[in-house]
Amino acid sequence: MRRMYTHADKVFHSCNLTFMSLVLILTLYPFWYVMIGSVSTMGHLIRGGFILLPDGLHFEAYQQVFRNALIPTAYRNTLFITIVGTAFSMFLTILGAYVLSLKKLPGRTFLTFFFVLTMLFSGGLIPLYLVVRSIGLLDNIWALIIPGAMSTYNMILLRNFFESIPEALFEAASIDGESIWGYLFRILLPLSGAGLATITLFYSVSYWNAYFESLIYIRNRDLWPMQTVLRQVLQTAQMNTMLYDDARQTVAAETLKDAMIVITVVPILMVYPFIQKYFVKGIMIGSLKG
Amino acid sequence: MSKMWKRALTIFMAMIMLCGFALPAELGLADGDEPVELTIFMASTRPMNECTDLTRQYVKDNIAVDMNMIQGDSTTFDQQLALYVSGGDMPDVVLCSYATYLGYAAEGAWADISPYLTDDLPDLMTYVGDYWPYLTVDGAIGGVPRLLNVPSSHVVSIRKDWLDNLDLEEPKTLEEYTEVMRAFTFNDPDKDGKNDTYGLSAAGYSYLSFLMGAFGASSERDYFLNDDGTITTNAISEEYRDALRYLNSIYTEGLIDPELFTCTYEQAQAKWGRGEMGIWSNWWSHAGNAYYRFDFGNLQPDAVVTHLLPPVGPEGKSGNLYATPFDAVVSVSYLCDQAKIEAALRLLNFNASPLGFRVLMYGIPGEFFEWDEANNMTTWTTELNGGVSKSGKYTTTDMEVYKLLYQERWQGQSDALYSGPEGKLWYGGGELRYQEPVREDVFCMFLTDEYIKYHAELDSYFKTSMIAFIMGEKDIENDWDAYVAEYMNMGGDIERQSQLKVYNDTFNTQCVFAE
């Protein structure tokens, strides 16, 4: 049956639509401006006013970024760190969350406190560096994965998600002879798609964006991830724009920055639509208990 | 000895002599020893590639130093260095700030290079000149200063076409400058029929120094040595107060862009590009950058830009902001043995030499640059051949990865190779720095404990007060005494007394403050 809208409903929907459209434009325009800025001339941006379209397609900024010989290896390193690191992190996080979600686990409260304590107090940068150094991970790409492989926050989130699944399932599975591992892999994980997708996204974004660790642990530039290289390209541009040193750089830092935002954000942004439906749901469920 | 043996010996000797002549003497070649690897840590973002690898190989072949570069991040440099030191991984050579150098020197983190500073390093000794005392801590010298060696880095750019439109001459005195700024603000200099221009704009308060210099003051917390041996504290001096009076008057009249105090470099470039001001106080290279990277030629096609000397004040005073002689030190780690210390100094001596500087700046000679016997750059592939090297094998990008020391004047020669307006402005701006009068800040290299303790707070108070006086938020006549009292109470007096003591001790003088 088709619903009949009253005059007030129509007015409300019109206003609502107008307002939300404005919000949408306000939200999208900065992204659009960055896209325009990355392919426009500096003169077009300097003239000021409201800019809706670029003044042609100028790819000098992208050329400047990709002229850097480190880009291919950096992209490879970032992909490795993101894929392997996320898989490794998820493995550890799932195991930790699963164990802590078992209500009959002896010392469960103490173990939870033990993990949560690390969220409140960290060892500090120098001790962490000394540990990484002592286990021989300096100048090793695993130094970008292992030290921060498990996030307590993510683990607690996933534990809460696991706890929201009825315990009766576990008991039923036990009666049917399912082992503790079988319950995890055959029942719990298939039911936790939303939570897993969310945590996977958290980890992959954090690995994708990481650069500080590489500054500290990695001296060999062939092991640098993409973010470190891009940061260097941008800093060089800003310095050169200020001081003029690099004669080859005819691109202003502002344009270069826009191009780098596009290069950096677009790949990871493309992942969102595929897991968006899990994303909101996963966060909501995880946050209900704790 | 048989004839054959004599011939062989003669040929052998001749070959040795030829080899000796073929190698440039100024390289200071090692005597056949294995190259010494030096890990060099510096905040750098410059890309390393096959072109810079050629430079590394060239240095390795010619002075037996293998430069293993560790590039740090400028924002976390001190943190990274602390990690390396605490982990026992201190790099052999560290290019750090002067303050960082002094801090680590007090802890004995640097090797004492003073016994190695001999006449065998002629270019380095000439380069550093009289600056060794600034590097001496507890009788030891732990590094070499990276000297800027220019009186000032600020210049004044002006729209000459606007002067022509208004039938005005290039200003020289403060009065003439004020008249020009007034005309640029109110007389429609761009002839567009709109009142949309200012006399002056810049990226921040420090660029007002060129006007304050006309009163014998500056825009920073400088200390000036007077002819009678007294030292003037700029922040509380009558000269500074006079300068503030003048700036307040032109601000109130509307001759200065009110956004000047919050303007960033990019915003100032945009304003210049949109033709919003006729006088732009800027960094010496910025007017050239406007053409090269900010599309100024298209935005203002009729513009004619030139540089000016700062104005001469009523008492004949003039000056722009003083540039600190050096801001960084190439320091040598305490972990280095004799071979490494010698290698580090050999590298620095090479960097200070005419050829060495250009190799570390532009790449290997012949392939990436050429120069004549009078030390002038004649070609630079980056500019003249679209970045393609002479043989066509390499496309250059940024080549300055291994440059540790500055040689501003030599570097300026490459500016002259540019054919467009940017080249003229870069070169002109660069050379103008050496012609500008400045008042030297005689305490700028004395970073005493008291300075480190009070500097940040004093600086903040000084700047905010300056802006408040100029904008009229504080009254220059009624609030001045309170400002001076507050400044001194905040540590201003303790700080300057500590610096004066070090100054007198260093130069064996008996200077006192003028105030």
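The values are calculated or read from the model by the stated rules, or taken from the named source; none is laboratory data. Everything quoted here is computed from the prediction, not taken from an experiment. Neighbour counts run over all protein chains shown; Cβ positions are idealised from the backbone, glycine included. Each accessible area value is taken on the protein alone, full model and side chains, heavy atoms only, with ligands, DNA and RNA left out. Shrake-Rupley method; radii C 1.70, N 1.55, O 1.52, S 1.80 Å.
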- Restricted to segment A:34-60, and to residues that are open to solvent by 60 Å² or more (accessible area, probe 1.4 Å) and in contact (Cβ under 8 Å) with a residue 24 or more places away in the chain, which residue is nearest to B:Gln300 (Cα to Cα)? A:Glu60
- Residues of segment A:131-146 being open to solvent by 70 Å² or more (accessible area, probe 1.4 Å) and within 11 Å of chain B (Cβ to nearest Cβ), which ones? A:Val131, A:Arg133, A:Ser134
- When both residues are 6+ apart or on different chains and their Cβ atoms are under 7 Å apart, which pairs have a first residue that lies in segment B:189-207 and is touching a residue at least 60 places away in the same chain (Cβ under 8 Å) and assigned to a helix (DSSP H, G or I), and a second that is buried (at least 19 other Cβ atoms within 10 Å of the Cβ) and among the acidic types (Asp, Glu)? B:Ser206/B:Glu220
- Item | Top-ranked residue of segment A:233-243 - restricted to ones that are buried (at least 23 other Cβ atoms within 10 Å of the Cβ) and either closer than 23 Å to B:Leu83 by Cβ or facing another protein chain (nearest Cβ under 7 Å) (or both), ranked as modelled with the highest pLDDT | A:Thr236
- Message: Just to check your reading of the model, which residue among B:Ala99, B:Ala106, B:Ala82 is surrounded by fewer than 20 Cβ atoms within 10 Å (Cβ to Cβ), facing chain A (nearest Cβ under 10 Å), modelled with pLDDT of 90 or more and within 29 Å of A:Leu128 (Cβ to Cβ)?
- Response: B:Ala82
- Failed item, numbered, when B:Ser333 is tested on (1) open to solvent by less than 10 Å² (accessible area, probe 1.4 Å); (2) more than 24 Å from the chain's Cα centre (by Cα); (3) not assigned by TED's automatic domain parsing to the domain that holds B:Asp123: (3)
- Task: Looking at (1) at positive phi; (2) among the small types (Gly, Ala, Ser); (3) in contact with a Lys or Arg (Cβ under 9 Å, 6 or more places away or on another chain), find the lone condition where A:Ser164 falls short.
- Result: (1)
- Message: Quick test for you: out of A:Gly37, A:Gly48, A:Gly43, A:Gly56, pick the one residue that is among the small types (Gly, Ala, Ser) and either over 24 Å from B:Ala268 (Cα atoms) or in the same structural domain as A:Arg231 (by TED's automatic domain parsing) (or both).
- Response: A:Gly56
- Item | Residue list for segment B:85-96, restricted to those being modelled with pLDDT of 95 or more and among the acidic types (Asp, Glu) | B:Asp92
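Conditions tested, residue by residue: (1) surrounded by fewer than 23 Cβ atoms within 10 Å (Cβ to Cβ); (2) at pLDDT below 85.
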position: A:Ser174; (1), (2): yes, no
position: A:Tyr183; (1), (2): yes, no
position: A:Ile199; (1), (2): no, no
position: A:Arg221; (1), (2): yes, yes
position: A:Ala252; (1), (2): no, yes
- Note on the structure: Those residues of segment B:13-55 that are more than 13 Å from chain A (Cβ to nearest Cβ), modelled with pLDDT of 80 or more, in a helix (DSSP H, G or I) and open to solvent by 20 Å² or more (accessible area, probe 1.4 Å) come to a total of 1
- Message: I want to confirm something. Restricting to segment B:101-122 and keeping residues that are of a type outside the set (Gly, Ala, Ser) and within 13 Å of B:Leu135 (Cβ to Cβ), which single residue is nearest to the chain's Cα centre (by Cα)?
- Response: B:Tyr101
- Message: If I ask for residues that are within 11 Å of chain A (Cβ to nearest Cβ), within 25 Å of the chain's Cα centre (by Cα) and among the aliphatic types (A, V, I, L, M), which ones from segment B:270-312 would you list?
- Response: B:Ala270, B:Ala287, B:Ala290
- Filter result for the condition that a residue is touching an Asp or Glu at 6+ places or on another chain (Cβ under 9 Å), open to solvent by 10 Å² or more (accessible area, probe 1.4 Å) and not basic (Lys, Arg), over B:Ile158, B:Ile141: B:Ile141
- Scan segment A:76-122 for residues that are part of a helix (DSSP H, G or I), open to solvent by 60 Å² or more (accessible area, probe 1.4 Å) and among the hydroxyl-bearing types (Ser, Thr, Tyr) and report the count. 2
- Message: Show me the strands (runs of 3 or more DSSP E) entirely contained within segment B:219-297 in which 3 or more residues are over 20 Å from A:Ile46 (Cβ atoms).
- Response: B:223-225, B:230-233
- Task: Check whether at least one residue in segment B:415-425 is closer than 30 Å to B:Gly313 by Cα, open to solvent by less than 20 Å² (accessible area, probe 1.4 Å) and modelled with pLDDT of 90 or more, and report yes or no.
- Result: yes
- Message: Looking at (1) within 14 Å of chain B (Cβ to nearest Cβ); (2) under 30 Å from A:Ile145 (Cα atoms); (3) of a type outside the set (Asp, Glu), which one does A:Arg47 not meet, given that it meets all the others?
- Response: (2)
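Per-residue answers, yes or no, for (1) exposed (fewer than 15 other Cβ atoms within 10 Å of the Cβ); (2) free of Cβ contacts under 8 Å to residues at least 12 places away in the same chain; (3) farther than 30 Å from B:Gly412 by Cα:
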| residue | (1), (2), (3) |
| --- | --- |
| B:Tyr427 | no, no, no |
| B:Tyr434 | yes, no, no |
| B:Phe443 | no, no, no |
| B:Thr448 | no, no, yes |
| B:Tyr451 | no, no, yes |
| B:Tyr454 | no, no, yes |
| B:Asp459 | yes, no, yes |
| B:Ser465 | no, no, yes |
| B:Ala468 | no, yes, yes |
- Give the number of residues within segment B:297-307 that are in contact with a Phe, Trp or Tyr (Cβ under 7 Å, 6 or more places away or on another chain) and either open to solvent by less than 10 Å² (accessible area, probe 1.4 Å) or free of Cβ contacts under 8 Å to residues at least 12 places away in the same chain (or both). 0
- Message: Which count do you get for residues in segment B:279-289 that are farther than 16 Å from B:Leu200 by Cβ and either open to solvent by less than 10 Å² (accessible area, probe 1.4 Å) or without any contact (Cβ under 8 Å) to a residue 24 or more places away in the chain (or both)?
- Response: 3
- What residue, among those in segment B:61-79 that are of a type in the set (Gly, Ala, Ser) and open to solvent by less than 20 Å² (accessible area, probe 1.4 Å), is farthest from the other protein chains (Cβ to nearest Cβ)? B:Ala64
